[in-house]
1. Under the condition of being hydrophobic (A, V, I, L, M, F, W, C) and over 25 Å from Arg154 (Cα atoms), which residue from segment 122-134 is surrounded by the most Cβ atoms within 10 Å (Cβ to Cβ)?
2. Can you confirm whether segment 39-53 contains a residue that is β-branched (Val, Ile, Thr), touching an Asp or Glu at 6+ places or on another chain (Cβ under 8 Å) and modelled with pLDDT of 85 or more?
3. Return a yes/no flag: does segment 135-144 have any residue that is loosely packed, with under 10 Cβ neighbours inside 10 Å and over 37 Å from the mean Cα position of the chain (by Cα).
4. Quick one: is Gly127 of a type outside the set (A, V, I, L, M) and part of a loop (DSSP other than H, G, I, E, B)?
5. Please pick out the residue among Ile78, Ile68 that is at pLDDT below 90 and hydrophobic (A, V, I, L, M, F, W, C).
6. Restricting the search to segment 104-137, which residues are in contact (Cβ under 8 Å) with a residue 40 or more places away in the chain and in contact with a Pro (Cβ under 8 Å, 6 or more places away or on another chain)?
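The values are calculated or read from the model by the stated rules, or taken from the named source; none is laboratory data. Because the structure is predicted, anything quoted here is derived from the model rather than measured. For neighbour counting, all protein chains shown are included, and Cβ atoms are generated from backbone atoms with ideal geometry for every residue, glycine included.
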Amino acid sequence: MSEQAATNSAESEVFSEVEMSPPKDIDKDAPSSPTEAEAPGTDEGSKEPEYRNAEFEPLENEAGLESIEPNLDVILNIPVTLSMQIGKTRMTIEELMRLNRGSVVKLDRMAGEPMDVLVNGTLIAHGEVVVVNDKFGIRLLDVISPAERVKKLR
């Protein structure tokens, strides 16, 4: 018999002996499931475990629930993009490619009409262009309420 066959034969004998022998630490008379065992705190004659309802203390906020206010300091340093939109138009790529210096693009707004003020692409107000110390600015004419802004987001 070859050495490998002898090793396999010896391993199978050991394996079969392990399977056949009963575990030594299990008591044959012990209950097989936890439900058959007595639960702690029960009478010796009773097989039903004793259950109690859990009792919890009420949760309380140290500052009190009424005094919780939103902490706006968390969001005050978040950068946003503020932009003004004079108007807009649609054109084909061919029309776009024909644009050069001196071309005039017709917009959807009339002269003197207020322009849109956008924050991160969301309309928040209407305003008119002003010049302050040789720089352009915008004077807000109408600010859209937060409730209206939320409606437009949905």
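1. Val129
2. Looking only at segment 39-53, we keep the residues that are β-branched (Val, Ile, Thr), and these are 42.
Retained after the next criterion (residues that are touching an Asp or Glu at 6+ places or on another chain (Cβ under 8 Å)): 42.
Within this subset, residues satisfying the condition of being modelled with pLDDT of 85 or more are none.
No, every residue in segment 39-53 fails to be β-branched (Val, Ile, Thr), touching an Asp or Glu at 6+ places or on another chain (Cβ under 8 Å) and modelled with pLDDT of 85 or more.
3. yes
4. Values: of a type outside the set (A, V, I, L, M): yes; part of a loop (DSSP other than H, G, I, E, B): no.
It is false that Gly127 is of a type outside the set (A, V, I, L, M) and part of a loop (DSSP other than H, G, I, E, B).
5. Values: Ile78 fails: at pLDDT below 90.
None of the other options fit; the residue is Ile68.
6. Gly127
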